[in-house]
Amino acid sequence: MISSCYQFIAKFFKTTLEQEYHNLSLWYFVSFIAGIISYFSLNNEPSLAIILTIFMVALSLIIFRTIRENIFGRFISSLIIAFTLGMLIGKFRVANLHITVIERPVILKIQGEIESIKPTTYGMQVLLQQVKIDKLSQFLEKVRISIPAKYATKINIGDTIKILACLDKPQGAILPNGYDFGFYAYVASIGANGYSMSSPEVIAYSDLGANSLVYKIKKNIYNRLIQVLGKIKGNFTAAILLGETKALDRNLMREIR
């Protein structure tokens with residue numbers, strides 16, 4: 001009885017996998033992403049030896065002829081390989097992070113090169129790299145600053161600016177089990193969040209690199225969407241087309257959730 005049930009299940013999976021043969025590669029990407037998510041979700045970080053052992057076992061199974069000729073066994077082994085590769089990527093990413101987070105709120109002048117600019121409901125949000133902060137003993141790799149509309153000026157990606165800002169450490173999740181902003185900032189090497197208290201002063205203009213050119217194109221499209229559709233509909237469309245989600249209307253976001 002047990003043997004016949006096993007044969008039936010095995011035949012069912014084999015038939016299903018053969019029918020979906022051309023779509024199986026999509027599951028490898030899913031497994032890879034699941035490996036990354038699982039690595040950052042675990043309470044205890046798995047050792048490199050364990051991850052490599054699982055990877056080598058799955059790889060060796062595919063080498064065996066019996067597994068290689070069995071579509072179900074080959075599929076499962078490939079999923080395990082993709083999963084462990086995702087975990088290895090997560091471990092490698094964490095091992096190469098050497099981020100310093102600001103210890104207490106401060107108001108200081110900051111100089112840095114603009115890495116990205118995001119439109120928001122109140123102005124814009126800039127991410128600065130190659131940061132220089134006077135009177136601060138800590139080295140911060142990146143700083144994210146919110147600039148209200150009254151201080152907003154014509155700045156582009158790649159410009160080096162100086163600005164007076166109030167800085168604090170990145171906040172964590174606002175709600176229990178909610179999105180962890182602090183973890184995102186940690187992975188993105190952002191050592192402080194803040195808001196500007198003066199208009200940004202451009203120290204050096206960008207050399208119109210690829211990032212700056214793409215930003216200008218996106219900015220023109222964004223401005224046109226706002227002009228034609230209005231703020232609420234325009235920002236909703238920009239979020240879908242351009243990935244600019246910072247300026248989405250809060251009431252609309254609440255309804256979507």
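For region 104-119, what are the residues that are surrounded by 18 or more Cβ atoms within 10 Å (Cβ to Cβ) and more than 22 Å from Ala204 (Cβ to Cβ)?
Pro119
Consider region 224-250. How many of its residues are crowded, with 16+ Cβ neighbours inside 10 Å, part of a helix (DSSP H, G or I) and of a type outside the set (A, V, I, L, M)?
So the answer is 4.
Please enumerate the residues belonging to region 210-255 that are among the aromatic types (Phe, Trp, Tyr) and modelled with pLDDT of 85 or more.
Initial filter on region 210-255 (among the aromatic types (Phe, Trp, Tyr)): 215, 222, 236.
Listed by number, the residues that qualify are Tyr222, Phe236.
Quickly run through region 107-137 and pick out the residues that are assigned to a strand (DSSP E or B), among the basic types (Lys, Arg) and over 21 Å from the mean Cα position of the chain (by Cα).
Lys109, Lys132 - these are the residues of region 107-137 that are assigned to a strand (DSSP E or B), among the basic types (Lys, Arg) and over 21 Å from the mean Cα position of the chain (by Cα).
Return the pair list, or none, for Cβ contacts closer than 8 Å from residues in region 86-99 that are under 20 Å from Lys142 (Cα atoms) and open to solvent by less than 40 Å² (accessible area, probe 1.4 Å) to residues that are aliphatic (A, V, I, L, M) and in a helix (DSSP H, G or I), at least 6 apart or on different chains.
Listed pairs, sorted by first residue: Leu97/Val187.
Is there any pair with a first residue in region 35-51 that is under 11 Å from Leu88 (Cβ atoms) and among the aromatic types (Phe, Trp, Tyr) and a second that is at pLDDT 80 or above and surrounded by 15 or more Cβ atoms within 10 Å (Cβ to Cβ) whose Cβ atoms are under 6 Å apart and which are 6 or more apart or on different chains, and what are they?
Tyr39/Met87; Tyr39/Gly90
Considering only region 55-106, how many residues are assigned to a loop (DSSP other than H, G, I, E, B) and basic (Lys, Arg)?
Kept after step one, since they are assigned to a loop (DSSP other than H, G, I, E, B), are these residues of region 55-106: 64, 69-70, 96-105.
Now drop any that are not basic (Lys, Arg), which leaves 104.
Adding up the residues that qualify gives 1.
Of the numbered conditions (1) touching a helix residue (DSSP H, G or I) at 6+ places or on another chain (Cβ under 8 Å); (2) modelled with pLDDT of 65 or more; (3) of a type outside the set (Gly, Ala, Ser), Leu42 fails exactly one; give the number of that condition.
(1)
Scanning region 188-215 for residues that are part of a helix (DSSP H, G or I) and within 29 Å of Cys166 (Cβ to Cβ), which turns out most open to solvent (accessible area, probe 1.4 Å)?
For region 188-215, the residue satisfying everything is Asn211.
Among the residues of region 27-54, which ones are open to solvent by 60 Å² or more (accessible area, probe 1.4 Å) and not in a helix (DSSP H, G or I)?
Leu42, Asn43, Asn44, Glu45 - these are the residues of region 27-54 that are open to solvent by 60 Å² or more (accessible area, probe 1.4 Å) and not in a helix (DSSP H, G or I).
Using the structure shown, decide if Phe13 is at pLDDT below 80 and out of contact with any Lys or Arg (no Cβ under 6 Å at 6 or more places or on another chain).
The answer is yes for Phe13.
Would you check if there is a residue in region 165-178 being assigned to a strand (DSSP E or B), of a type outside the set (Gly, Ala, Ser), closer than 30 Å to Ile217 by Cβ and over 21 Å from the mean Cα position of the chain (by Cα)?
no
Can you work out which of the residues in region 120-158 that are in contact with a Phe, Trp or Tyr (Cβ under 7 Å, 6 or more places away or on another chain) and surrounded by 21 or more Cβ atoms within 10 Å (Cβ to Cβ) is modelled with the highest pLDDT?
Per the criteria, the residue is Ile145.
The values are calculated or read from the model by the stated rules, or taken from the named source; none is laboratory data. Since we're looking at a predicted model, the values are computed, not measured. So basically every Cβ, Gly included, is an ideal-geometry build from the backbone, and we count neighbours across all protein chains shown. Side chains are part of the model used for accessible areas, which takes the heavy atoms of the whole protein and leaves out ligands, DNA and RNA. Shrake-Rupley method; radii C 1.70, N 1.55, O 1.52, S 1.80 Å.
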